[in-house]
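Written below as structure tokens is the structure these notes are about.
Any read-out appearing in this document is the output of simple, stated calculations on the displayed coordinates, not a laboratory observation. Worth saying up front: this structure is predicted, and the values here are computed from it rather than measured. Cβ: placed from backbone, ideal geometry, glycine included. Neighbour counts: every protein chain shown.
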């Protein structure tokens with residue numbers, strides 16, 4: 001087997017070297033390829049990618065960044081069609097510094113009757129999208145996509161910004177060949193780092209190249225004999241370019257795994273941060289910064305700190321909102337709910353306001369910054385100690401450098417006698433210290449009125465509970481009837497509300513009955529679905545046919561019936577990335593089983609207590625017989641939300657034992 005793999009690697013390497021990657025030179029061999037030689041299960045593959053980032057000097061303007069990208073992708077099957085859609089994000093802050101997309105060309109290549117057919121991307125297939133106040137996107141879907149086709153596109157992004165976007169070396173499909181070149185003028189010093197969390201580490205080369213800038217200057221002469229005339233004088237400036245290159249082949253795909261916070265956190269990529277500027281005969285400009293300086297800069301902005309000073313726009317609404325609330329925590333709750341109902345989220349992230357708090361309040365809609373800065377302003381107006389907390393969402397990753405781009409979200413923190421309370425008013429079902437799961441990303445940066453700041457933990461401090469009371473009456477016809485009561489708290493309640501918000505009673509019944517084909521559900525009730533500060537209470541009656549299995553003289557059944565965990569979600573033998581469980585959980589089943597008349601217990605599962613890594617995971621199974629009744633208490637507590645790859649094998653074994661234990665049968669026999 002190892003010789004076969006070696007041959008495949010050598011063969012793939014030879015193909016990568018010999019292939020013509022000039023734009024438009026797609027071969028029949030590429031079109032005929034039916035699967036990737038190294039990753040046969042890949043739905044698509046990048047046959048070639050090149051990226052060239054350079055700075056070109058433009059007189060009277062200075063250095064302009066030009067980012068050239070070219071990519072050729074093979075689509076193997078219908079599941080790979082998603083890679084035929086491209087979205088290019090562009091900065092759109094103002095006309096003087098906006099990114100400009102240039103020279104976009106794209107083609108789809110197919111093989112028909114052994115002839116290569118090319119289909120050009122039309123202008124009507126290119127769409128512009130305004131993301132928010134600062135960003136826009138150009139998106140296109142390639143035409144004539146078929147299984148086996150090859151797509152190819154190239155473009156250039158021109159920008160007057162000095163910030164260089166992250167440069168990916170890896171994606172969710174394999175890359176056959178990648179060429180990268182980044183050239184920055186000596187006047188700009190960048191810190192560079194390859195993502196230390198990645199499992200694939202590319203080789204880079206760094207060196208200097210000589211370059212010249214040619215400047216022109218208009219000169220006028222006033223000689224009497226020939227009259228006035230103009231001419232151009234030219235001068236040159238020598239400088240060097242700091243160059244980074246990488247030429248890679250056979251880059252493995254970034255393989256997704258269940259329960260990963262953000263796959264991009266583990267992607268091989270080059271991250272560059274501008275740290276200083278030094279032009280000849282000009283002062284040194286140090287741009288290296290700290291998180292303290294970053295947060296103070298944000299706070300001093302007109303779209304952030306200045307917005308918090310505005311308060312007249314809510315008029316008498318604040319008094320109305322807190323009417324009857326005497327305790328500070330009650331005032332927090334009332335104002336929080338008022339803002340949630342008054343201003344609806346437009347779906348846009350950002351810590352800066354998009355409309356401004358006054359306009360967002362008036363229009364009843366705004367981005368994350370608009371809504372949560374309104375919340376903070378109203379809490380402060382009441383006399384409460386409320387402050388903004390800057391956050392990087394899970395999708396935005398964890399920044400490696402102090403930078404404003406490291407944050408993309410803002411929430412509210414309020415200090416009360418009960419402790420610090422975190423709030424996000426952008427979603428209907430969030431509550432006090434119950435935030436959207438998408439922002440539970442390690443820590444956030446709290447900024448006080450004086451501009452000072454500190455890190456605060458975003459992790460849930462207590463377990464979210466799911467408590468199940470299950471009553472079971474077994475009948476001699478081998479069926480079971482009874483009633484179930486579920487209680488969900490905190491994040492488990494948020495999860496339930498978000499999942500079943502728009503479900504009718506019939507939809508809920510169908511969702512429960514889908515767990516077992518022999519299950520009938522009736523008299524279902526849900527309480528406090530729309531009161532996020534309270535637990536969700538779910539109850540229903542059920543009938544389960546064939547609950548007992550007759551084998552010989554014995555009858556077998558699982559005490560959790562259709563509620564047991566059917567299989568472990570952790571099936572991989574090894575993991576590359578940590579498991580992120582989002583928040584600690586506590587699941588408890590209290591089961592009362594009435595035996596059918598004329599039956600008695602033949603055997604019961606043994607009582608057991610299991611632990612994972614001391615008390616990071618705990619499972620208990622307690623069962624006892626009391627006449628014609630059986631009573632069980634089963635608990636599963638997961639106290640640690642981050643399982644590292646080094647602990648995965650132990651955690652996997654723990655969870656498999658839990659699943660197997662829940663599946664153990666009680667054995668009955670007739671008297």
* **Expected-Rg normalisation [2.2 N^0.38 Å, Cα atoms] applied to the stretch 288-363** => 1.33
* Asked: Please state the relative contact order of the chain as a whole percent: Cα pairs under 8 Å, 6+ residues apart?
  -> 8
* For the residue pair residue 420 and residue 317, what label-to-label distance in nm results when each label sits 7 Å from Cα along the Cα-to-beta-carbon direction? -> 2.8
* **Acute angle (nearest 10 degrees) that the helix 368-381 long axis makes with the longest principal axis of the chain, alpha-carbon atoms** => 70
* Crossing angle, helix 2-18 versus the chain [Cα axis fit, 0-90 degrees, rounded to tens] -> 30
* For n ≥ 4 DSSP H runs only, could you compute -39500 (n - 2.57) per run for the chain, divide by its residues and tell me the 222 nm figure to the nearest 500? => -5000 deg cm²/dmol
* Acute angle (nearest 10 degrees) that the helix 328-342 long axis makes with the longest principal axis of the chain, alpha-carbon atoms -> 70
* Once you put a point 7 Å from the Cα of residue 120 and another 7 Å from the Cα of residue 363, both along the Cβ direction, what distance in nm separates them? -> 3.9
* **Packing-based exposure ordering (other Cβ within 10 Å, fewest first) of 423, 355** => 355, 423
* Structure fact -> Hull volume per residue for the stretch 449-534, using the convex hull of the C-alpha atoms, in Å³ is 143
* Structure fact -> With Rg from the Cα atoms and Rh as the Kirkwood inverse mean 1/r over Cα pairs, the stretch 555-671 has an Rg/Rh of 1.05
* Asked: Fewest first, what order do 470, 610 take by the number of other Cβ atoms within 10 Å?
  -> 610, 470
* Asked: Which residues in the stretch 125-146 have a backbone N closer than 20 Å to a point placed 7 Å from the Cα of residue 501 along the Cα-to-Cβ line?
  -> none
* Kirkwood hydrodynamic radius of the stretch 296-445 from all distinct Cα pairs, in Å? -> 15.3
* Identified option (computed volume of the Cα convex hull per residue in Å³; candidates [x] 255; [y] 170; [z] 304) -> [x]
* Structure fact -> Under 20 Å by backbone N from the virtual spin label 7 Å along Cα-to-Cβ at residue 459, the residues of the stretch 481-498 are 490-492
* Asked: In whole angstrom, how far apart do the alpha carbon centroids of the stretch 444-480 and the stretch 255-311 sit?
  -> 32
* **Length gained when the stretch residue 186-residue 282 is fully extended (0.36 nm per residue, less Cα-Cα span)** => 33.2 nm
* **Net length gained if the chain between residue 607 and residue 275 were fully extended (0.36 nm per residue, minus Cα distance)** => 113.4 nm
* Mind checking the full-extension length gain between residue 160 and residue 172? Use 0.36 nm per residue of separation minus the Cα-Cα distance, one decimal, nm. => 1.2 nm
* Which FRET efficiency value, to the nearest 0.05, is calculated for residue 141 and residue 247 with the Förster distance at 30 angstrom and r the Cβ-Cβ distance? -> 0.45
* **Whole-number D in µm² s⁻¹ for the stretch 382-475, Kirkwood Cα-pair radius fed into Stokes-Einstein, 10 °C, 1.306 mPa s** => 104
* Asked: At what distance in angstrom do the alpha carbon centres of the stretch 559-625 and the stretch 164-216 lie from each other?
  -> 50
* To do: Starting from the eigenvalues of the Cα gyration tensor, five times each then square-rooted, give me the equivalent ellipsoid semi-axes of the stretch 57-215, largest first, whole Å.
  => 31, 21, 16
* To do: Quickly rank 592-598, 408-414, 505-511 as a protection proxy: mean count of other C-beta atoms within 10 Å, highest first.
  => 408-414, 592-598, 505-511
* To do: In nm, give the distance between the simple-model label positions of residue 573 and residue 669, each being 7 Å from the Cα along the Cα-to-Cβ direction.
  => 4.3
* Quick one: give the max-minus-min coordinate of the C-alpha atoms of the stretch 464-670 along each principal axis, largest first, in Å. => 52, 39, 28
* Using alpha-carbon pairs under 8 Å, 6+ residues apart, how would you state the relative contact order of the stretch 380-502 in percent? -> 19
* For 590, 629, 378, 272, what's the fewest-to-most ordering of other Cβ within 10 Å of each Cβ? -> 629, 590, 272, 378
* Asked: For residue 82 and residue 341, FRET efficiency with R0 = 35 Å and r from the beta-carbon atoms, rounded to 0.05?
  -> 0.40
* To do: Please work out the FRET efficiency for the pair residue 398 and residue 56, using the Cβ-Cβ distance as r and a Förster radius of 30 Å; give the result to the nearest 0.05.
  => 0.35
* Report the antiparallel proportion of the DSSP beta bridges in the chain as a percent, rounded to a multiple of 5. => 90
